Amino acid sequence: MAKQKRVAAIHDISCFGRCSLTVALPILSSAGIETSVVPTAILSTHTGGFTGYTFRDLTGDIRPIANHWKSLGLEFDSIYTGYLGSFEQLDIISEFFDEFGTGNNLIMVDPVMADNGRLYANFSPDFPKGMLKLCQKADIIVPNLTEAAFLLDKPYRQGPYTKEYIDSLLFDLAETGTGKIVLTGVCFDTKNLGAASFDTKTGKISYSFSEKIEGYYHGTGDVFASALLAALLNGFSLDESTQIAVDFTVECIRRTKSEGTDERFGVNFECTIPSLIRKLSLV
């Protein structure tokens, strides 16, 4: 029997509104992956569409958690980062990579900082430069198109896009030193939406699409990235994992829309997890 994989997931916790750790932990766990967590902050809700939310910064807890884990000799098959709220956290997580990176484990950075052409409200204009440095230490990065534009210091363009434009973004991101890139929010028309993946070792670029469902559902980036990592750690190739993540995310959105759930509340991934498990050939 193969040894169970273990991930260190470094994200915030939104107590309501399915995103970040409340998405990553159940999705990875359901895929048979032991998931250890490093919470970067605790919020009463996520910040998209809500007001009056509470926020507790946990920067001061990250190094003590890492030090304790190191004293226990813990090792991880993957380190997976999401929302990081400050330059200080970027520096601390860079240290975490140095401490727990082995050269054989998979470091995946989801550079959560922007969407729809704009940085999130609490980030300064120079934050993407710090995030870029962290991405340069990753084996795989998972930016959306807005985040890619900020990482590359390029103007954001709205879709639909051309293949030439998406390929150029992938090549430019590869120049930063990351070996694998999955770019989300890709569309060549108004009917389909998906992602592009690029493995710089093989030079292979692949596109994965599914039906575009109208609406803006919060937390879908976290659902996608968590499903992507779940597939990769279960032995699927980069392009196979990207398609699995695209299909799973769209199934979650479709179910959520059919139930009339408030878009701010996140997508109904819980009832869709059996489908993911089947896609991963775990049953």
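Nothing in this text is a laboratory measurement; each read-out follows from the coordinates by a stated rule. Bear in mind that the values here come from a model prediction, so they are computed numbers and not experimental data. FYI the Cβ positions are ideal-geometry reconstructions off the backbone, even for glycines, and counts take in every protein chain you see.
Listed conditions (1) of a type in the set (Ser, Thr, Tyr); (2) closer than 22 Å to Ser20 by Cβ; (3) under 18 Å from the mean Cα position of the chain (by Cα); (4) buried (at least 19 other Cβ atoms within 10 Å of the Cβ) are all met by Tyr216, apart from (4).
Residues considered: Leu233, Leu229. Of these, the only one that is in contact with an Asp or Glu (Cβ under 7 Å, 6 or more places away or on another chain), crowded, with 16+ Cβ neighbours inside 10 Å, within 21 Å of Lys5 (Cα to Cα) and in contact (Cβ under 8 Å) with a residue 60 or more places away in the chain is Leu233.
Looking at Glu95, Glu147 in this structure, which one is buried (at least 21 other Cβ atoms within 10 Å of the Cβ), of a type in the set (Asp, Glu) and out of contact with any helix residue (DSSP H, G or I) (no Cβ under 7 Å at 6 or more places or on another chain)? After ruling out the rest, the residue left standing is Glu147.
As for the range 151-160, it holds no residue that is more than 15 Å from the chain's Cα centre (by Cα), surrounded by 24 or more Cβ atoms within 10 Å (Cβ to Cβ) and among the aromatic types (Phe, Trp, Tyr). Taking the range 186-207 as the range and being in contact with a helix residue (DSSP H, G or I) (Cβ under 7 Å, 6 or more places away or on another chain) and either buried (at least 20 other Cβ atoms within 10 Å of the Cβ) or in contact (Cβ under 8 Å) with a residue 60 or more places away in the chain (or both) as the test, the residues that pass are Val186, Gly194, Ala195, Ala196, Ser197, Phe198. Where helices (runs of 4 or more DSSP H) fall entirely within the range 159-265, those with at least 3 residues that are closer than 22 Å to Thr35 by Cβ are at 220-233, 238-259. Screening the range 238-283 for residues that are small (Gly, Ala, Ser) and out of contact with any helix residue (DSSP H, G or I) (no Cβ under 9 Å at 6 or more places or on another chain) and picking the one that is surrounded by the fewest Cβ atoms within 10 Å (Cβ to Cβ) gives Gly260. Within the range 185-211, the set of residues being of a type in the set (Val, Ile, Thr) and touching an Asp or Glu at 6+ places or on another chain (Cβ under 9 Å) comprises Ile205 only.
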